[in-house]
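Worksheet: one structure, shown below.
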Amino acid sequence: MPRTATPKLSFAKDSFIRQRAAASRSRDVGYAYKSLLRRFEANVKDCHTGSLRPHHFEDFWYGEGGLSDTCSSQTLGKYRNDMKQFLSFVYRREWTTYAPDFLLDGIREKTTRVNRNRYRMTRAELRSLIAAAEDPRDVALICFVACTGVRISEALGMRIRDVSFSKSELYVYLPKTKQEVTYPLASDLEAALREWLTAYAAQVGKLSKSFHLFPAYHRQRWIEGGGRLPANQYNPENHITGPRVLLAPIAERAGIELEEGDGWHTIRRSFARILYDDCVAMGHDAALRVVQAALNHASVKTTEHYLGLNLERQQFHRLMKGHAFLTADIEPGKIVTLDERRAARG
């Protein structure tokens, strides 16, 4: 197809998002694609799809002000996968003559479901992480994720009204499934939240139920009557927007080395592993199902991936390690060693 016949990138983007939404029957499915493709559209000046070349994607990823300046390798790999899906859509409609793999050949990050055994913290490490946090808000936030296993985005969406001390319950909205889930309020989390809310109220006054549970700081700005807002002033109307940046220095003070790709999800994985081990130690036959319910996973396979185990492999290790196999059906007193047999023959 001649290049002049190919549509503009903006038209292709809108067509792709409509197709994805129709296929999944969800209006929100295109959110991640919209953000990425809108930035790419601005970067290439909304050119025709037939004009796209590998250097456009390399510049968008690694050029000045590109994605690599603000994203981790793991996120860049996800973006590559999202972009490949869009380019496959464009290629199938013959709006470009170049295959997606050719256009993205210069992007080195790639996603894979088979990853390394991800880091999971012990209870002691989680306690040291909490102890290293200097702001009571950060103490409560880390404790919140460590005691519930919720995603950081779900924790940041919490309002004060979502905490019920009288019922020892938390009400967490899950954007992924569009449902509100009730979580039990652990005693150590309750103590951290009470201490934080006391400090919160001391600074901003009476707390409204609509205030964000984990607020951001006010930006430095002039206020009416002259002067500026004091440093470290909480803004109840906005939640924390840079949780990844917040966690890194706390982990460093705690002496916990977070590798690339580790972060708040590391705490979620740690919660899952600790809960699973506790259930196994207490003799729960459905330990994996308990963790699946706690993490709100639709598939138990996803839970196994989080725990870093294959259930059947774990059972195999417990059955075999240090136990007899070929002679398991023989009573111990009837087992004759090879040396004893040779001595009897001599």
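So what is log10(I(q)/I(0)) for the range 105-202 at q = 0.13, 0.15, 0.20 1/Å, when the Debye sum runs over its Cα atoms only? After summing over all Cα pairs, the log10 values are -0.56, -0.70, -1.05. Full extension of the segment from residue 244 to residue 321, taken as 0.36 nm per residue of separation minus the current Cα-Cα distance, would add 23.7 nm. Note on residue 97 and residue 34: the extension gain reaches 20.3 nm, defined as 0.36 nm multiplied by sequence separation minus the Cα-Cα distance.
Each residue was assigned an accessible area with a 1.4 Å probe, and for residue 110 the value is about 140 Å². Extension gain, residue 69-residue 47: 0.36 nm per intervening residue step, less the Cα-Cα distance, totals 5.6 nm.
In the structure shown, the pairs 8/84; 178/209; 8/176; 34/78; 178/206; 34/84 are assessed against 25 Å; a Cα-Cα span above that value is assigned to 8/176; 178/206.
Approximating the spin labels as points 7 Å out from Cα along Cα→Cβ, the residue 131-to-residue 168 distance works out to 2.6 nm. For residue 239, the residues whose modelled amide H falls within less than 5 Å of its own, excluding neighbours fewer than 5 places apart on the same chain, are 216. The distance from the alpha carbon centre of the range 153-220 to that of the range 61-77 is 32 Å, rounded to a whole number.
When a/c is below 1.5 the answer is rounded, else prolate if a/b is larger than b/c, else oblate, so apply that to the range 48-98 with a ≥ b ≥ c taken from the square roots of the Cα gyration tensor eigenvalues. Oblate is the answer for the range 48-98, as a/c is 1.5 or above yet b/c matches or exceeds a/b. For the range 167-208, the C-alpha radius of gyration sits at 1.44 times the compact-globule guess of 2.2 N^0.38 Å, with N the residue count. With the simple spin-label model, which puts each label point 7 Å out from Cα in the Cβ direction, the residue 252 to residue 161 separation comes to 4.0 nm.
The values are calculated or read from the model by the stated rules, or taken from the named source; none is laboratory data. Just so it is clear, the structure is predicted and the values come from calculations on it, not from any experiment. Cβ: placed from backbone, ideal geometry, glycine included. Neighbour counts: every protein chain shown. Surface accessibility is based on the protein's heavy atoms, side chains included, excluding ligands, DNA and RNA. Shrake-Rupley method; radii C 1.70, N 1.55, O 1.52, S 1.80 Å.
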